[in-house]
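> Got a structure for you, questions after.
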Amino acid sequence: MLKAVRMLWREGTVLCLTAVLGSGGAALAALPAGTPDFAGAVSREESVVVSIATVTLDRPRILGLDDEEPSRSLPEEVLQAPIATYARPPRRGLASGFIISGDGAILTSAHAVSGIQDITVRLADGREFVARVVGLDTQSDIAVLRIEAEGLPTALIGDPRSLAVGDWVSAIGAPFGLEASVTAGIVSAKRLLPGTGGLLFLQTDVALNPGSSGSPLFNLRGEVVGINSMLYTTSGGYMGVSFALSIDTAMRIASSLIAEGRVTRGRLALWVQELTPGLAQAFGRSQPNGAIVIRIQRGSVAEAAGMRVGDLIVGLGDRADMNYSDIQQKVADSPPGTKLPLLVWRGGALHRVIVDVTASVDASSQPLPALEKGDRLGLVLDDTPRSPPLVSDAGVEIKEAHGMALRAGISPGDRILNVNALPIRQVADYQSALGGLAPDAYVALLVLRDGRVRYFALGGPRGARSSP
């Protein structure tokens, strides 16, 4: 018999769960009432979670001279001679996301899709689609993608304000490409993070790893309460501290991205920092709430309104008890042109200062255009390869791979041996085989790489991703 562990109860809570097993016996104790039902939440919501794969092509490298100017001490004939180049392999990335509208709008992290040339979305049912970026916002790290699909299941959006520190939450994502992985934990804290403009983040101990960015954070009712954005780490991997942007903020930003392709925020043309108890006392104020002005833009409306460095902004309108986050959020939510009444602590007294709100538009970099060079499969072939094939009649060499070929994993230097079952010995054979197929038909390419062969399936209906 295995070692028995005593079941201890305190105020209706299980402190240690007993399982007494005999030879061939079963566990005698079941999970007590009140145990979090993650399985129920997962079964309801896993269909709205997607996996995202990205591809980016780097510029060609110059052998021996990349990222630096050639020495002018070299002979002129050397400097004028052609320099050998080679293409860096494409950089591939992983992320997660979730469907927010049935017509194909998907929410994910901006850092995962910024500057990307090709994005593929894989749904929970296995279907894959090429996605485009509708818009992204770097300050909040929110991006909206769109795929050509209809009637998709959509996430149930919850109210993060109802979450308390200590509440159970879970995430579904694709860490390291392991799709539909579920992790769980509790809300550890609610925090403001530097550089986010006063946005509120939910700190959790839910495990996140590369590929988890953009995954939804669920409560026990299966409602999305946040979008997982970042983790605190000194190793590059999960160390017990993760952060998710509250979903109400994320959805408000997503609405702006869908409607306008960008996010416009209000600003006061001044810079502030959070007021601490020590700073409050130094400026003669007992309550440590609000923001202290540390810099004012020269010639701005804030300077014209009379704002000064060292002013303590403690509220707006008639409220003098607003915290740092509330003030920043209120300013950001105010439309440009609004006259905002600030309550300012200066010289031991409260003053009302009216400042015009100006526009702050996120200057996020837009995604690079997808490369659609080559034939309908995205291939450029070479009848005169630089190096001889390792075996006779070894097909034709791929000079460039773009679009669906690049997404499928085909690379320059690969050789096409067969199209479907037809052997390929020259480019004309390939073109003839491809020309005999319907434009939307799948094409099976037998490809040679490093002495190994493998079939790839390319083509299919418009918008669908081809895969090996």
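The values are calculated or read from the model by the stated rules, or taken from the named source; none is laboratory data. Keep in mind the model is a prediction, meaning the values are calculated, not measured. All Cβ positions, glycine included, derive from the backbone under ideal geometry; neighbour counts span all protein chains shown. Just the protein is used for accessible areas: all its heavy atoms, side chains included, with ligands, DNA and RNA removed. Shrake-Rupley method; radii C 1.70, N 1.55, O 1.52, S 1.80 Å.
> Quick one: in the stretch 339-372, which of the residues that are within 30 Å of the chain's Cα centre (by Cα) and not in a loop (DSSP other than H, G, I, E, B) is modelled with the highest pLDDT?
Looking at residues that are within 30 Å of the chain's Cα centre (by Cα) and not in a loop (DSSP other than H, G, I, E, B), I get T358.
> If L350 satisfies all but one of (1) of a type outside the set (V, I, T); (2) open to solvent by 40 Å² or more (accessible area, probe 1.4 Å); (3) closer than 22 Å to L192 by Cβ, what's the number of the condition it fails?
Failed condition: (3).
> I've got another one for you. When you check A143 against the structure, is it surrounded by 21 or more Cβ atoms within 10 Å (Cβ to Cβ), within 16 Å of the chain's Cα centre (by Cα) and in contact (Cβ under 8 Å) with a residue 24 or more places away in the chain, yes or no?
yes
> Do the conditions hold for I106, that is, is it closer than 12 Å to V50 by Cβ, at pLDDT 95 or above, in a strand (DSSP E or B) and open to solvent by 30 Å² or more (accessible area, probe 1.4 Å)?
Judged against the criteria, I106 is not a match.
> For the stretch 387-441, what are the residues that are farther than 17 Å from F456 by Cβ and at pLDDT 85 or above?
R425, Q426, V427, A428, D429, Q431, S432, G435, G436, A438
> Can I ask one more? Just one of the numbered conditions (1) modelled with pLDDT of 90 or more; (2) of a type outside the set (G, A, S); (3) open to solvent by less than 20 Å² (accessible area, probe 1.4 Å) is not true of R308; which one?
Result: R308 passes all but (3).
> Out of the stretch 109-154, which residues are part of a strand (DSSP E or B), closer than 19 Å to S229 by Cα and of a type in the set (S, T, N, Q)?
If the condition is that a residue be part of a strand (DSSP E or B), closer than 19 Å to S229 by Cα and of a type in the set (S, T, N, Q), then S109 is the only one that fits.
> To continue, here is another question. Report those strands (runs of 3 or more DSSP E) wholly inside the stretch 156-270 carrying at least 3 residues which are open to solvent by less than 40 Å² (accessible area, probe 1.4 Å) and farther than 27 Å from A39 by Cβ.
Passing ranges: none, list empty.
> Which residue out of L63, L94, L57 is modelled with pLDDT under 85, touching a helix residue (DSSP H, G or I) at 6+ places or on another chain (Cβ under 8 Å) and open to solvent by 30 Å² or more (accessible area, probe 1.4 Å)?
Of L63, L94, L57, the one residue that is modelled with pLDDT under 85, touching a helix residue (DSSP H, G or I) at 6+ places or on another chain (Cβ under 8 Å) and open to solvent by 30 Å² or more (accessible area, probe 1.4 Å) is L57.
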